[in-house]
Amino acid sequence: MMAAALPNMPADASGPQVPEGVAQFAVDPFWPQPLPNNWILGQVAGTAVDQYDNVWIIHRPRTAQGTNAGSTPLQTTRDQTWGHDPLQSLCCTTAPPVVAFDPDGNVIHAWGGDDPDGEFLWFNSEHGIFVDHNDYVWVAGNGDNDHHMMKFTVEGELVLQIGAVGASQGSNDPNTVNGAAQMEVDPTTNEIYVADGYGNRRMVVFDAETGEYLRHWGAYGETPVDEDPGPWDPNAPPSRTWRTPVHGVAISNDGRVYVADRPSNRIQVFEKDGTYITEGVLAPDTYGPGSTWEIEFDPLDTEQRFLYIPDGTNNKVWTLDRETLEPVYSWGRGRIQPGQFDWLHYIAFDSQGNMYSGEVQTGHRVQKFVRLNGN
């Protein structure tokens, strides 16, 4: 099907006048192309774009059960199954957990699940995905006993595993992760920074080649503790401990590490060695899941003046001034129509400045937002 002409207007824009250099978008309702094999998606938990502008997602196939999705034979991970045997309808079947699309929205890779030869176990709940500068695909999970993360080739061949199922000893364990949310590989050092934030309360850094532990830290660069600081209270002093989940990480060109403490509505900034620099609070009247779900840079913003923050509670994308961490613009609204968001989880940019979003809970989709302005 040929894509229709896109409207020359921002997608559900709101807030003050758009500052110069802030990205503006319109949704492309015809991206991606229809999935092959009668596939459907569950909750789209992670999004990434590789150096060829291919778009990668990791989704949760078992969450598609409510659609009468069937698969024969049953697909399994560890102690979970999804699909129906025999098939309940002609409707559809669940796609493999990892799916990659070319820039036109055609599926080019699809894999995931427990290794049939027993080389590795998959996750109880899929979460983060990142494709590094060497074309390796990193994936993680945030389910019970998901105390590992894995590195694959683009074809789905296991290269490296960090941690093991059910092995975590807490936030100061150098050998595992516990519900890792998101990761990013620093191409200048080939180190992988992990927002290890559903079971643990820390940032942890490993060697991306060997998996060797290098360093970790908690809120304010301090040694992390596993005590729950309680629910967010905008009138209370800032918590010295990260609430869970610690949900996002981004590395700037000038070597700063940005960490999203989602339930605390805050972003903290560090040097690469974990030295604390500053923090900012976004939408402090947001409760529950919080406002700061991730941090991304716009590739066309070469000076990296702005941060882009997906907010799945308020279902919008915020633009923050990077130096002050103050919001300068926001857009988006909640619901299910194209261009709207239903539990916006993560975003990613391609080299042309187009944005891709993944939605969890009842969202179950990936959307493309076409860049309307340069920089």
What Kirkwood radius, in Å to one decimal, follows from the Cα pairs of the chain? 20.7
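Using the heavy atoms of the protein chains alone and a 1.4 angstrom probe, what is the accessible area of the range 220-375 per residue in square angstrom?
That works out to 39 Å² per residue.
Compute the relative contact order of the range 245-330 as a whole-number percentage, counting only Cα pairs closer than 8 Å that sit 6 or more residues apart in sequence.
21
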Select from Leu320, Tyr258, Gly248 the residue farthest towards the positive end of the dipole of the chain; place +1 on Cβ of Lys and Arg, -1 on Cβ of Asp and Glu, and compute about the Cα centre. Leu320
Heavy atoms only, probe 1.4 Å: what % of the accessible area of the chain goes to carbon and sulfur, would you let me know? 48
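Could you state the per residue volume, in Å³, of the convex hull enclosing the Cα atoms of the range 91-188?
Enclosed volume per residue, from the Cα hull, is 124 Å³.
Given a cut-off of under 8 Å on Cα pairs at least six residues apart, what relative contact order in percent is computed for the range 130-210?
Relative CO of the range 130-210 lands at 24 percent.
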Set Lys and Arg Cβ to +1 and Asp and Glu Cβ to -1, take the dipole of the chain about its Cα centre, and tell me which of Val370, His127, Ala195 lies farthest positive. Val370
Suppose each label sits 7 Å from its Cα in the direction of the beta carbon; what would the Cys91-Asn38 distance come out to in nanometres? 1.2
Length-normalised contact order of the range 292-375, Cα under 8 Å, at least 6 apart, in percent, tallies to 23
Place the peptides 322-328, 256-262, 116-122 in order of packing, highest mean first, counting for every residue the other Cβ atoms within 10 Å and averaging per peptide. 256-262, 322-328, 116-122
Mind checking the dipole of the range 233-375: about its Cα centre, +1 per Lys or Arg Cβ, -1 per Asp or Glu Cβ, Debye to the nearest 20? 420
Burial-style ranking of 336-345, 104-113, 153-162, average other-beta-carbon count within 10 Å with highest first, yields 336-345, 104-113, 153-162
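About the Cα centre of the chain, what is the dipole size in debye to 20, counting +1 per Lys and Arg Cβ and -1 per Asp and Glu Cβ, all else neutral?
Here the size comes out at about 1100 debye.
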What are the lysines whose alpha-carbon lies under 21 Å from the alpha-carbon of Lys368, with same-chain residues fewer than 8 places away excluded? Lys316
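Taking the Cα centre as origin and putting +1 on Lys and Arg beta-carbons and -1 on Asp and Glu beta-carbons, what dipole magnitude results for the range 287-348, to the nearest 20 debye?
320
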If each part is reduced to its alpha-carbon centroid, the range 169-225 and the range 253-274 end up apart, in Å, by 13
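The values are calculated or read from the model by the stated rules, or taken from the named source; none is laboratory data. Quick caveat, the model's predicted, so the values are computed rather than measured. Reconstructed Cβ throughout: ideal geometry from the backbone, glycine too, with neighbour counts over all protein chains shown. Quick note on the areas: whole protein, heavy atoms, side chains included, nothing else; ligands and nucleic acids left out. Shrake-Rupley method; radii C 1.70, N 1.55, O 1.52, S 1.80 Å.
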